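Take a look at the structure below.
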Amino acid sequence: MTDVNASSRSANRSRNALLPTVGILFGIFVVFVLFSTVYTDYLWFRSMEFDHVFTTLLWTRIGLFVAFGLILAAVTTGNAWVAWRLRPRTISFGHPALDRYAESLRSRVTPLFVGIAAVMGLFGGMAAVGSAQLFLAWRNGEAFGTTDPRFGLDIGFFVFDYPWWRFIIGFGIAALVISTIISVLIHYVLGGLRVRRENDGRRSTRGANAHVSILLALTMVLLSVSAWFDRYGRAVTTNDLLTGIRYTDENATLVASLIIAVIGILCAALFVANVAVRRWTIPVVAVVLMMLSNFVLGVLYPSIVQAAVVRPNEPDLERPFIEQHIKATRSAYGVADVEIDDYKAETDASAGQLRADAEALPGLRLMDPSVIGATFDQLQQVRGYYSFPEVLDVDRYQIDGEETDSVVAVRELNQENLPNQSWNNVRTVFTHGYGLVASYGNRSSSGEPEWISKDLPPVGELGEFEPRIYFGEGHTEYSIVGRAEGEAPVELDTPGGGPDGGPSRNIYDGKGGVPIGNWFVRLMYAVRLADYNIVLSERVNPESKIIYDRTPQQRVQAAAPWLQVDSNAYPTVADGRIVWVVDGYTTSNHYPNSERVSMQEATADADTKLDPELAQTDQINYIRNSVKATVDAYDGTVKLYAWDEEDPVLKTWEKVFPGSVTPREEIPEQLLEHLRYPEDLFKVQREILGSYHVTEPHEWLANNDLWEIPKDASGKTEAKQPPYYLQVRWPDEKGATFSQTATFVPRERQNLAAFMSVNADATSKDYGRIRILRMNDATQIDGPQQTFNAMVTNPAVAAELRPFQDSDSARITHGNLLTLPVGGGLLYAMPVYTKRAGTGGGAYPALTFVIVRFGQQVGIGKTLDAALDEAFGGDSGAETGEEGTTEPPPDTESKPGDPGDGAQLSAEVIRALKDADKAFGEADEALKKGDLAEYQKKIEEAREALERAQAG
């Protein structure tokens, strides 16, 4: 029996020892994983030469974690200790179980305090870690030099100080509430507080009464401070009319906040008095009174003022507040100086009308970046493991001394299409893309792009440049690059050009990437990436580097965590390198009286998708394009160039991270030629100008002149029409300017309300100048959707397109519907592509027609010149400089009798074409019903009508 008992005790000891051992080992593993993450992050930032950003944030977070963790631990544990010290010497609950529990607690007080300190310290530290950037901005905040109209405080107080003080007040209230709860529990367990009265008629000891009263008094003081701070919060609060202070706030809510703050102080005084009086009835009644005051003064009274005073007199009472709201909003979004001109658009087209606008017309981009991605893929992909993005980018190059708009993309690696997905192939062989491909934006050759730069290795007009793409938008997995001296290269460079006509290979020698020759670093990355091959593979050698987090947005966001980056990075060739250009924004949602918008919702359109989850969290009411960033496509080097050097938010973060941002004057000249007005900023500004082009308060309040962004013209999606980069000649100017353009329609209407343009040329002294042409109300100008409908239903257009619509060998794709103010009116132009027959996914869109519309006149042709001439009486007066042709692909040639030669159609021809269009439509209906006889009859009628049109 003794042996059995001894064996049982031994087994119990083993089990008891096993659990702590497992816990310790698990803790070591967690710490090791966390260390590997932090250490490799540091190595990554050091490889980018932004290690000071990492260390500044790391030490700030550590400091906040320790400071606020100690504060919460000290406050809560200190109050727990006070509650312990104030315990009565004898405890009797009158119940044996409760008495035993209290005695048990007395014997374990030290572990209890240690546990409270540890848990509260962890919670306090974690709560503060996420506020590192708030703290840094508060410590280094720059003045805006402008004061808000209500409090007379610098805007910087609201942007930098207010958010931090709000955090401090919230943290303080939380610390006191937690301390009060812990203290009450300890007092109760140790007998200092009772649910029922004792013999002396009291529910608490003198010590417990004093302790809890003081804690509640301090809590009331902080609640009073919070109520007082609420006054400033009204300037950045969104209500049902606007963001900011309105009449009810000024005359009810702000006063109520002060009164509530005073009541809170009085309640605190009553709690202090309760230390001596020891009558909880008075402070409890005071708290109830404060809660009632909060409801009456903070909710009910403002509602009464709003309903009884403001609503009947809203235009007059709200006028000064709407004025300051409009002024603040336009200033915060950089549209205070927008120029709006009334425009009486001509609607009659006559011969020679576009002669004065000849310079702007070549800027009409016929190569639609959102359509011809598949064309780039098929004509320049070279191998299946290369790819181009679905939506290409727009850039400009000086070719033969002239600025030329172009459509560009880099040939990136698509590892999903690799035939062999082995670790060595994926991680060490197929490591990079190759080459930048560019085509003219307004030229085509037999419907295909006319190349500026193409093929492998790249040839064309851009000269020599480093073509390898190790960092780009498409390659998101990590690669291991570099070889030891004397070892043969393994990284695939190009499919040809190597020994015996085989593939050529490269050894990466860029300064980007983290060296992993050291076994310890390899171990760290193996843990971080959960990939043991990093440690075991012989491909990893003393000269190896690991490259990861390779997209331009990732790298810029990491180098400048205080920036919000543009959704579209675009590649360009400058000084012999391919670099990605990324626009960076400084934003805030605490600019007083400025309207808040969701940046996600404002920037989402037919080309940029909306992330609904982010749309709920990215509210802003201030934005500046403060930084132009570049990422070298070969070595990943990030450069941040100051752009809006007067921006106080930029100045603040330059103080936080000195040396991170390069002065504007150091931007290389070749790079400057490729910088442009950013897309996301323009989209946000057009969203704001839909309402805030109105500056008269009564009109703004009445919502009589609201504009909205038209939906995608083709009707394929409900998304907004994207803005377009075009060469625009403003009516009162001589030359055309590289611009970003957009259109507006009236709210819930489809006619055109306004045309908006911003000078997008970074080398121009007028860069950023926003101008709007507001349509005259006397003459209705069709908007994009109406124009698209008029174009595709036009008899001449329908006749040209019908052979493709009825064909199984080709399909039609409509390109971007562009708008230009020319000829005293507005010209719409739309390229039309046909997708050639192909097998095995080899089909791609080819430019086949161009459709234009001016007023009610529509023209279609195989070139822009031909379409314009048809719309303008046989001679538009403009030569677009098209050097290529847009002949239809051989397998989709127009049928005999189809129009399209550019001639002006007679009334007889138009009638015949209408008859043909009608007959073709009726034939389609008959075919759907299975009535082959009727189908044959209508087809015959359509052919006769086409013959009449041809004869006419």
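The values are calculated or read from the model by the stated rules, or taken from the named source; none is laboratory data. Model, not experiment: these values are computed from the prediction. Note that we place each Cβ from the backbone using ideal geometry, even for glycine, and neighbour counts take in every protein chain shown.
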Considering 450, 466, which residue is within 30 Å of residue 834 (Cα to Cα) and surrounded by 13 or more Cβ atoms within 10 Å (Cβ to Cβ)? 450
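Residue-by-condition table, conditions (1) of a type in the set (A, V, I, L, M); (2) modelled with pLDDT of 95 or more; (3) closer than 30 Å to residue 205 by Cα; (4) part of a helix (DSSP H, G or I):
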| residue | (1), (2), (3), (4) |
| --- | --- |
| 138 | no, yes, no, yes |
| 149 | no, no, no, no |
| 157 | no, yes, no, yes |
| 161 | no, yes, no, yes |
| 165 | no, yes, no, yes |
| 173 | yes, yes, yes, yes |
| 176 | yes, yes, yes, yes |
Going through the range 518-561 in order, the residues found to be small (Gly, Ala, Ser), out of contact with any Gly (no Cβ under 9 Å at 6 or more places or on another chain) and under 24 Å from residue 487 (Cβ atoms) are 526, 537
Among the residues of the range 677-688, are any surrounded by 20 or more Cβ atoms within 10 Å (Cβ to Cβ) and within 30 Å of residue 58 (Cα to Cα)? no
State whether one or more residues within the range 140-156 are over 30 Å from residue 81 (Cα atoms), aliphatic (A, V, I, L, M) and crowded, with 19+ Cβ neighbours inside 10 Å. yes
For residue 352, work out the one condition from (1) in contact with a strand residue (DSSP E or B) (Cβ under 8 Å, 6 or more places away or on another chain); (2) part of a loop (DSSP other than H, G, I, E, B) it doesn't fulfil. (1)
Would you say residue 408 is under 20 Å from residue 577 (Cα atoms) and not acidic (Asp, Glu)? yes
Sole residue being without any contact (Cβ under 8 Å) to a residue 60 or more places away in the chain and of a type in the set (Val, Ile, Thr), chosen from 305, 310: 305
What pairs can you find where one residue is in the range 392-420 and without any contact (Cβ under 8 Å) to a residue 40 or more places away in the chain, the other is in a strand (DSSP E or B), and their Cβ atoms are less than 6 Å apart, with a gap of 6+ or different chains? 392/407; 392/409
Step by step: first the residues of the range 19-41, then only those that are among the small types (Gly, Ala, Ser) and within 24 Å of residue 519 (Cα to Cα), then the one that is surrounded by the fewest Cβ atoms within 10 Å (Cβ to Cβ). Which residue is that? 27
Scanning the range 575-610 for residues that are of a type in the set (Phe, Trp, Tyr) and closer than 18 Å to residue 557 by Cα, which turns out surrounded by the most Cβ atoms within 10 Å (Cβ to Cβ)? 580
For the range 314-331, give me each residue that is within 12 Å of residue 248 (Cβ to Cβ) and assigned to a helix (DSSP H, G or I). 314, 317, 321
